[in-house]
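Each remark here refers to the structure printed beneath this line.
The values are calculated or read from the model by the stated rules, or taken from the named source; none is laboratory data. It should be emphasised that the depicted structure is a prediction, and the values quoted were computed from it without experimental measurement. Quick reminder, even Gly has a Cβ in these numbers, built from the backbone with ideal geometry, and neighbours come from all protein chains shown. Surface accessibility is based on the protein's heavy atoms, side chains included, excluding ligands, DNA and RNA. Shrake-Rupley method; radii C 1.70, N 1.55, O 1.52, S 1.80 Å.
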Amino acid sequence: VTANREIAPGFFRMTLAAAPEFANPAPGQFVMVRDAGVRDPLLARPLSIHAFFRQRTEAVVTLLYRVVGRGTSKLARVRIGDALQLLGPLGRPFAIDPVRKTHIIVAGGIGVAPLAFLARRLRQIIPPGEGTIVSYCGASRADTLVGLEHMEEACFRTEICTDDGTRGTRGPVTELLAADLDGYDPRDTTLYACGPFPMVERLGEILRTTSFPCQVAVEERMACGVGACLGCTIEVKENGGASRYVSVCREGPVFDLHTVLRRE
Ligand code: FES
């Protein structure tokens, strides 16, 4: 661990210098993090990769997390120089369609963690003047709008909202997007989202009668991270209408928004 700092009340940014063997991650992928030397997989926590680069012989992995329970409280107490065990990169990442000109990112709360990584990757891929990246970022209050600086740096335009109106428009991020949706051409636009499940559900409602494609990174509790414990099962609906249960860690965490139904 080379950094672990509280950047907003209850939100931490941790940087780790991983071994050079750590494979290059793609935006949307995650790692399972646990104390080095602890073998119990149930003590690991899934965290989205927020940033990644290589420096000399190290793979530098940045994670952004919110303290929500015992595992993340423990992570918050980790100090510079401590060792953690990382398993990853895991999961299916966002699929980037470079042919589409407009890329819209919808981030709710800590959902910004993988999406900031995606925004930077999109910025590398899309030549200036040949496309645009717009983000809609929402949080409960101004002081919990984390990762915004990365969004503003990577995106051509960033729209901000908070539940209490302390920064940007007052209200949910989904309504901010809904108000602008008519201004985008569904044939040329693709959306990427991550946030709490009610946000994902509402986004599904808003886009249901449109033809905008949208991928969503599902936030789910995980224990093993590799499809072994079935602790991260959700129901998804196939195109034909049949539903089935899938492991978020193995078949996700990124899914087509319209296939995601509900938590198990
Ligand atoms: Fe164990 Fe997904 S976390 S199956």
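Details
- Filter pass, ARG208 being out of contact with any strand residue (DSSP E or B) (no Cβ under 6 Å at 6 or more places or on another chain), more than 16 Å from the ligand (Cβ to nearest atom) and at negative phi: yes
- Residue within the stretch 89-101 that is in contact (Cβ under 8 Å) with a residue 60 or more places away in the chain and open to solvent by less than 20 Å² (accessible area, probe 1.4 Å) present: yes
- Residue tally, condition more than 30 Å from ASP188 (Cβ to Cβ) and in a loop (DSSP other than H, G, I, E, B), over the stretch 65-98: 10
- Qualifying residue in the stretch 194-210 (condition: polar (S, T, N, Q) and within 20 Å of the chain's Cα centre (by Cα)): no
- Applying the set (1) more than 16 Å from the ligand (Cβ to nearest atom); (2) of a type outside the set (D, E, K, R); (3) within 28 Å of GLY131 (Cα to Cα); (4) not in a helix (DSSP H, G or I) to THR166 leaves exactly one unmet item: (3).
- Odd one out for PRO27 among (1) buried (at least 19 other Cβ atoms within 10 Å of the Cβ); (2) modelled with pLDDT under 95; (3) in a loop (DSSP other than H, G, I, E, B): (2)
- Of everything in the stretch 219-234 that is more than 6 Å from the ligand (Cβ to nearest atom) and closer than 20 Å to ALA113 by Cβ, the residue that is farthest from the chain's Cα centre (by Cα) is ILE234.
- Odd one out for CYS249, checked against (1) surrounded by fewer than 19 Cβ atoms within 10 Å (Cβ to Cβ); (2) within 15 Å of the ligand (Cβ to nearest atom): (1)
- Only one of the listed residues (ARG202, ARG187, ARG221) is part of a helix (DSSP H, G or I) and either free of Cβ contacts under 8 Å to residues at least 60 places away in the same chain or surrounded by fewer than 16 Cβ atoms within 10 Å (Cβ to Cβ) (or both). That residue is ARG202.
- Pairs where the first residue, in the stretch 246-259, is under 13 Å from VAL226 (Cβ atoms) and the second is within 9 Å of the ligand (Cβ to nearest atom) and in a strand (DSSP E or B), C-beta under 8 Å, 6+ apart: SER247/THR233; VAL248/THR233; CYS249/PRO46
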